[in-house]
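Asks: First, the structure itself, so that you have it in front of you.
The values are calculated or read from the model by the stated rules, or taken from the named source; none is laboratory data. Keep in mind that what you see is a predicted model, and the values were worked out from it rather than measured. Glycine gets a Cβ as well: all are built from the backbone with ideal geometry, and neighbour counts include every protein chain shown. The protein model used for the area step is the full one, side chains on, heavy atoms only, and it has no ligands, DNA or RNA in it. Shrake-Rupley method; radii C 1.70, N 1.55, O 1.52, S 1.80 Å.
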Amino acid sequence: MLKIFKHLEGLGWPALVIIALLIVQAYAELSLPQYMSEIVDIGIVQRGLPDMPPQLIEIKEAEGVDFSRIQLDYLLNKGSIMLAFSVVVMITAIAVSFLSARAGASMGRQLREKVFKKIISFSNAEIDRFSTASLITRSTNDIQQVQMAMIMSLQMMFKAPILGIGGVIKVVATETGMGWIVGAALGIILAIVIILMAVAMPVFKRMPLLIDRLNLVSREILTGTNVIRAFGREKDEEKRFESASTDLKLNQLFISRVMALMMPLMMLIMNGITVAIVWFGVRGVDYGDMMVGDMMAFITYTILIVMSFFMLTMMSVMLPRAIVSAKRLEEILATKVSINDPEKPLDEKLKTVPLKGFLSFENVSFRYPGALEDALAKLNFTANPGETTAIIGSTGCGKSTLLNLIPRFYEATGGRITLDGIDISKITQAKLRSLIGYVPQNAVLFSGDIASNIKFAGDFITDEQMIKAAKVAQASGFISEKENQYESEISQGGTNVSGGQRQRLSIARAIAKQAKIFLFDDSFSALDYQTDVALRKALKQYAKKATVIIVAQRINTILHSDKIIVLDEGEIAGIGTHEELLNSCEAYQEIANSQFSEEELRGKIAYE
Amino acid sequence: MSEKYKVKPRPHRRIGGPGPPGMPAEKAKDFKGTIKKLLIYMGNYKYAMLIVSIFAVAGTIFNVYGPKLLSRAITELFNGYMAKIMGSGGIDYAFIAKTLLFLLFLYVLSAVLNFIQGFIMAGISQKISYRFRQEIAEKINRIPLKYFEANAVGDVLSRITNDVDTLGQNLNQSILIVVTSVTTIIGILVMMLSISPLMTLIALVILPITGILLGFVVKHSQKYFTDYQKYLGKINGQIEEVYTGHNIIKAYNREDMTISDFSGTNDRLYESGWKSQFISGLMMPMIFFIGNLGYVAVAVIGSILTINGSIQIGDIAAFIQYVRNFTQPIQQIAQITNLLQSTAAAAERIFEFLDEEEEVKDPDYSGSLKAMKDNDSKQVVFENVHFGYEPGKTIINDFSLAVASGKMVAIVGPTGAGKTTIVKLLMRFYDVESGRILVNGRDIRDYKRSDLRQNFGMVLQDTWLFKGTIMENIRYGKLAATDTEVINAAKAAYAHRFITTLPEGYQMELNEDASNVSQGQKQLLTIARAILADNPILILDEATSSVDTRTEARIQKAMANLMAGRTSFVIAHRLSTTRDADVILVMREGDIVEQGSHEELISASGFYAELYQSQFEQDPT
């Protein structure tokens, strides 16, 4: 928990001011019972005359002296002082509330910003390690938890000890000799709290796990209704749910029962203390060690002390959740990003000579962290500018992985990738990526409008270029059908346009970037055949000098590529043109055969 | 994560309470009806509840009576002390001791009663929560599948988790709060009146002031809470969008823009966040101040009254305590409407789901289908089947087909043509409107659903896997399978190779949504699962749509072995995979428009031929 504070700033002085305010507040709050006791002991017993012994007052009153005026003055005087202190208590409390609300919110803001920036800087390796879903929860719920805990801490964590210590000072100052009652009471409470905590804490800590478990099982049952029914596993699933639900029930039951014990017990202790104070106070009063008002004040102090102690223990119940959240955030903040820019980037080299676009894989290997085998092994090939290089292969053969190495989403674990002879890890990521137009497998759009999505690469894209890009991507047709054309709204994730339209916008986005290198990760699969053909034709026209790399599943898509690379189980099984591969590469033949019948293949070739 | 699976966000709640003042509560559509239902539901526990209430009332009364009793001891002490000073007597120790002992006894009794009451109540509310959860879970299995096609998963999910949780917590609190608060208020009023009606009147002046302040705080903080919720939703949306589009952000060097957008929302969140916190935080200091106001008033006026002799010194002490204890139950009562509202809203959503229409009950017949006849020329028969998802909108008109065992039936057609419908009818996810479907000569409605379905091996487009190891996931097809059987099934599905490249191989834990393997890999796993299940009739619903064609071809080789001697129904959008089927059913806009073998259909030059040709249109270049 504390580690998290080193990432935060501007919390020191509010904390100090809060502490100062709380001290003032505690002073005022603790003064009230003292005045109360004076009202009783002096205002009532001595008719508002502190220095006159009661016996004398009795005698004087018997003689007909009227003290009621003096007494009333005394009472009103003390009363208004008490009122003044009450106002102080209120004002300080409001100020504390103001400062802690701001400090807590500021902490949340800083954490959100830091965590967000950090995650933005992550490479895919780090994202995989946490999983996107977990990163989302951490950035939302966990920060929320920490923020709430922070506000509560500022209000209670500081207040409780200050009030408690103040109370103790007051108790000692009363010199009633009953301080031991307070000590004993705290001892008993501490013992009870420790016992209960020791019993309840492990159960308490399991709570979020059990809730997660129940959520998970429920979600699985709900998303898998048809599979579950098809396999006839309803009873098994019900059992699985029941076990998660029972665990949760037992856990919750235990916790609520511990709580059910705790509350009355604490009440009993407080009441018991009051009774004890009165009992022992009686002797003190009898022996003249203290007055009745002192005793009443003593009771109030004791209750305040016990209450603040109680507040602390409550906090210690609440804090663990926040601590877990803080740890999860700290994990993110402490993560070292695995892909960094070189200290002396060779960006300049690329500037002086215009980029040609020769992209070479030199003995490149890649292995996912923790994997047993390489996902890609010793790849060697060059993609030339002005040419289309296609990569084809089975599911899981590493096609997308290969593509992801080029913009350095992942870092090759062996060999090197060069661009015009320069190792891509020797230039900055921003420079490298500015040269690349990347179209992912799943078209991700961002909330905004069509224009903001196509111009995603930056404001340097003019409207003409945007329209041109949309035309090349075969998107201008459906865009012009929309009421607001390029200003048509796109919802989060692009869910308000169809899959094919999403894909075309995602392609337009890459084209508008005017990149030197285009990477298409199976980007044409959501398009129908006609659009696919028209798009590739337009693209060829548009990006004559660019290096184009296409990952595909359909042979149709890559039939005319200048170079086809066949990947098989992470290795290159063949490089060549369609015809060459059809004759020489067994893996390629298999793919071809799976997509066309003999006649069709022959027909196609004959047609060529 | 697709939109469908998200849990609907509910207003953020503080744990263990109805939330800070001013937080707007959700409202139920039919408050009265729902509360009534809930009370009926809780009827099982009415005696336990009665005991709880009696204990709570008794415990509260003892507690409220305490200060009054204590005041007697203090008064006796004071009078005794005064008498001693005057030399006219002394402190009556015996009386004080007796009073204090009695008081202690009351306090202990009150604590015991409260504990028992809390103990029972915790049991009741947990049992009710558990029962609700269990009923929902069982209900899920009885609800027709169409419900889940029409409703978001997140919605049902939040009923099981959020709503049941809210209900449980609120039940635990609200009854006690109502009972104890009301008892406390009445009790304190009685006690105060018994001490001094005049002082009671002064104390009561506090009430409307508290009410006004509460209203002020609620009114003003509500606006900021609404803002806060809005920006929180917005920032969470941004986070989700950016994290899922992480690669694109990087590829387009948009990091800085994204961060500045985020900071903008973050700033607004900060503003509304601290304001809502602060304004709702105003309440406590104000209430304390009013409490202190009462304290001072009681001290001064009480003292004056003591001098008159109309009240005793101990009464002041008691009164101070009563005034202090008065504000809390009032605060709680003020929040009870919120609490009841959210309880009713949660209960309503739970009941809504529990009242959903269920599937037709299974017949008693329990004969299994296991005794499959080889070479049965009519293993699966569709007889004049009519069906529509909505009444009056028939989409399958008078469909008849007899499938001999071991034959392959393909169902093809464009997206949205309703290809899956036939399969859903066959598996009895839906019931036919008229006509019938026979398996082994018996109407499928005469089988128990589970018996019927046991005979279908199914691979769906929707690749459902659960959080667990890959081994466990494949084993789902046949729970008793050995590791070797599982691995063999994986090999047959061409999943073995990629599994071994994953960290920890077969023992790799799939995460929620199984997002740590690709879509194609997921499909291979579900195929392996079906292979392992080894059922007489196979249903492949776009089973290989996310797998590349080469792997698909390989799987089909494996499938061909598997399908030998088995009847199979294959749904596919790639026509290359269905050429060899014995019968091809061609669907268009929900209707079966053509049926026959590949050659027959091609020569018929109908819709199928058109579809088939469109796949092989030549590249114009």
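Asks: Given the criteria assigned to a helix (DSSP H, G or I), within 15 Å of A:Arg229 (Cα to Cα) and either out of contact with any strand residue (DSSP E or B) (no Cβ under 9 Å at 6 or more places or on another chain) or away from every other protein chain (no Cβ under 13 Å) (or both), does B:Asp431 qualify?
Replies: No, not satisfied.
Asks: Related question: Check B:Phe102, B:Phe132, B:Phe119, B:Phe115 and return the single one that is over 40 Å from the mean Cα position of the chain (by Cα) and not in a loop (DSSP other than H, G, I, E, B).
Replies: Just one listed residue meets the conditions, B:Phe102.
Asks: Regarding the stretch A:282-301, can at least one residue be identified that is of a type outside the set (Asp, Glu), in a loop (DSSP other than H, G, I, E, B), in contact with a helix residue (DSSP H, G or I) (Cβ under 7 Å, 6 or more places away or on another chain) and facing another protein chain (nearest Cβ under 7 Å)?
Replies: No; the residues of the stretch A:282-301 include none that is of a type outside the set (Asp, Glu), in a loop (DSSP other than H, G, I, E, B), in contact with a helix residue (DSSP H, G or I) (Cβ under 7 Å, 6 or more places away or on another chain) and facing another protein chain (nearest Cβ under 7 Å).
Asks: Let me ask something additional. I need a count of the residues in the stretch A:1-41 that are open to solvent by 30 Å² or more (accessible area, probe 1.4 Å) and hydrophobic (A, V, I, L, M, F, W, C).
Replies: 11
Asks: Out of the stretch B:67-86, which residues are within 8 Å of chain A (Cβ to nearest Cβ) and open to solvent by 60 Å² or more (accessible area, probe 1.4 Å)?
Replies: Once the filter is applied, which keeps residues that are within 8 Å of chain A (Cβ to nearest Cβ) and open to solvent by 60 Å² or more (accessible area, probe 1.4 Å), the stretch B:67-86 yields B:Lys84, B:Met86.
Asks: Still on this structure, I have one more. Of the residues that make up the stretch A:164-171, is at least one touching a Ser or Thr at 6+ places or on another chain (Cβ under 7 Å), within 16 Å of A:Leu333 (Cβ to Cβ), surrounded by 18 or more Cβ atoms within 10 Å (Cβ to Cβ) and more than 10 Å from chain B (Cβ to nearest Cβ)?
Replies: Scanning the stretch A:164-171, I find no residue that is touching a Ser or Thr at 6+ places or on another chain (Cβ under 7 Å), within 16 Å of A:Leu333 (Cβ to Cβ), surrounded by 18 or more Cβ atoms within 10 Å (Cβ to Cβ) and more than 10 Å from chain B (Cβ to nearest Cβ), so the answer is no.
Asks: If I ask for residues that are aliphatic (A, V, I, L, M) and touching a Lys or Arg at 6+ places or on another chain (Cβ under 6 Å), which ones from the stretch B:466-483 would you list?
Replies: B:Ile474, B:Ala481
Asks: Tell me, please, whether a residue that is of a type in the set (A, V, I, L, M, F, W, C), more than 30 Å from B:Leu524 (Cα to Cα) and in contact (Cβ under 8 Å) with a residue 12 or more places away in the chain can be found in the stretch A:404-415.
Replies: no
Asks: How about the stretch A:423-439: which of its residues are in contact with a helix residue (DSSP H, G or I) (Cβ under 6 Å, 6 or more places away or on another chain) and crowded, with 20+ Cβ neighbours inside 10 Å?
Replies: A:Ile424, A:Ile427, A:Leu432, A:Arg433, A:Gly437, A:Tyr438, A:Val439
Asks: Here's a follow-up. Anything in the stretch B:135-149 that is open to solvent by 40 Å² or more (accessible area, probe 1.4 Å) and more than 17 Å from the chain's Cα centre (by Cα)? List them, or say none.
Replies: Within the stretch B:135-149, B:Arg142, B:Lys146, B:Glu149 qualify.
Asks: Right, something else. Do you know which residues across the stretch A:206-233 are part of a helix (DSSP H, G or I), open to solvent by 30 Å² or more (accessible area, probe 1.4 Å) and charged (D, E, K, R)?
Replies: A:Arg206, A:Asp212, A:Arg213, A:Arg219, listed by residue number.
Asks: Does at least one position in the stretch A:553-566 carry a residue that is open to solvent by 20 Å² or more (accessible area, probe 1.4 Å), more than 8 Å from every other protein chain (Cβ to nearest Cβ) and modelled with pLDDT of 75 or more?
Replies: Yes, the stretch A:553-566 has at least one match.
Asks: Can you name the strands (runs of 3 or more DSSP E) wholly within the stretch A:362-437 that have at least 1 residues being within 11 Å of another protein chain (Cβ to nearest Cβ) and not hydroxyl-bearing (Ser, Thr, Tyr)?
Replies: Counting at least 1 such residues, we get A:376-383, A:388-393.
Asks: Just to be sure I understand, how many residues within the stretch A:54-113 are open to solvent by 50 Å² or more (accessible area, probe 1.4 Å), within 21 Å of B:Ile85 (Cβ to Cβ) and assigned to a helix (DSSP H, G or I)?
Replies: 9
Asks: Run B:Ile248 past the list (1) open to solvent by 10 Å² or more (accessible area, probe 1.4 Å); (2) β-branched (Val, Ile, Thr); (3) at the interface with another protein chain (Cβ under 8 Å from one of its Cβ atoms) and report the number of the one that doesn't hold.
Replies: Checking B:Ile248 against (1) open to solvent by 10 Å² or more (accessible area, probe 1.4 Å); (2) β-branched (Val, Ile, Thr); (3) at the interface with another protein chain (Cβ under 8 Å from one of its Cβ atoms), the one that fails is (1).
Asks: If you take the residues of the stretch B:117-158 that are among the aliphatic types (A, V, I, L, M) and more than 7 Å from chain A (Cβ to nearest Cβ), which of them is farthest from B:Lys424 (Cα to Cα)?
Replies: B:Ile120
Asks: Right, another one. Hey, among B:Asp92, B:Asp155, which residue is surrounded by fewer than 19 Cβ atoms within 10 Å (Cβ to Cβ), of a type in the set (D, E, K, R) and under 30 Å from B:Met427 (Cα atoms)?
Replies: On inspection, the qualifying residue turns out to be B:Asp155.
Asks: With (1) surrounded by fewer than 19 Cβ atoms within 10 Å (Cβ to Cβ); (2) modelled with pLDDT of 85 or more as the list, and B:Gly441 as the residue in question, which single condition is left unmet?
Replies: (2)
Asks: Within the stretch A:180-223, can you find the residues that are more than 14 Å from chain B (Cβ to nearest Cβ), touching a residue at least 24 places away in the same chain (Cβ under 8 Å) and of a type in the set (Phe, Trp, Tyr)?
Replies: Selection gives nothing.
Asks: Continuing with the same structure: Check whether at least one residue in the stretch B:46-66 is touching a Ser or Thr at 6+ places or on another chain (Cβ under 6 Å), surrounded by 14 or more Cβ atoms within 10 Å (Cβ to Cβ) and within 22 Å of B:Ser310 (Cβ to Cβ), and report yes or no.
Replies: Within the stretch B:46-66 (the criterion being touching a Ser or Thr at 6+ places or on another chain (Cβ under 6 Å), surrounded by 14 or more Cβ atoms within 10 Å (Cβ to Cβ) and within 22 Å of B:Ser310 (Cβ to Cβ)), the answer is no, since none of the residues qualifies.
Asks: Moving on to the next point. Would you check which residues across the stretch B:295-316 are open to solvent by 20 Å² or more (accessible area, probe 1.4 Å) and in contact (Cβ under 8 Å) with a residue 12 or more places away in the chain and list them?
Replies: Answer for the stretch B:295-316, where residues must be open to solvent by 20 Å² or more (accessible area, probe 1.4 Å) and in contact (Cβ under 8 Å) with a residue 12 or more places away in the chain: B:Ala297, B:Ile301, B:Leu305, B:Ser310, B:Gln312, B:Asp315.
Asks: For the stretch B:469-484, which residues satisfy the criterion of being of a type in the set (D, E, K, R) and closer than 20 Å to B:Asn455 by Cα?
Replies: Scanning the stretch B:469-484 gives B:Arg475, B:Lys478.
Asks: I've got another one for you. I'd like the full set of residues that are modelled with pLDDT of 70 or more, over 20 Å from B:Val423 (Cα atoms) and in contact with a Leu (Cβ under 7 Å, 6 or more places away or on another chain), limited to the stretch B:520-575.
Replies: B:Lys522, B:Leu525, listed by residue number.
Asks: Here's something else I'd like to know. Determine, yes or no, whether B:Ile85 is at pLDDT below 85, farther than 30 Å from B:Tyr430 by Cβ, of a type in the set (A, V, I, L, M) and not in a helix (DSSP H, G or I).
Replies: no
Asks: Still on this structure, I have one more. Just one of the numbered conditions (1) modelled with pLDDT of 75 or more; (2) over 30 Å from B:Gly168 (Cα atoms); (3) of a type outside the set (Phe, Trp, Tyr) is not true of B:Ile279; which one?
Replies: Answer for B:Ile279: the failing condition is (2).
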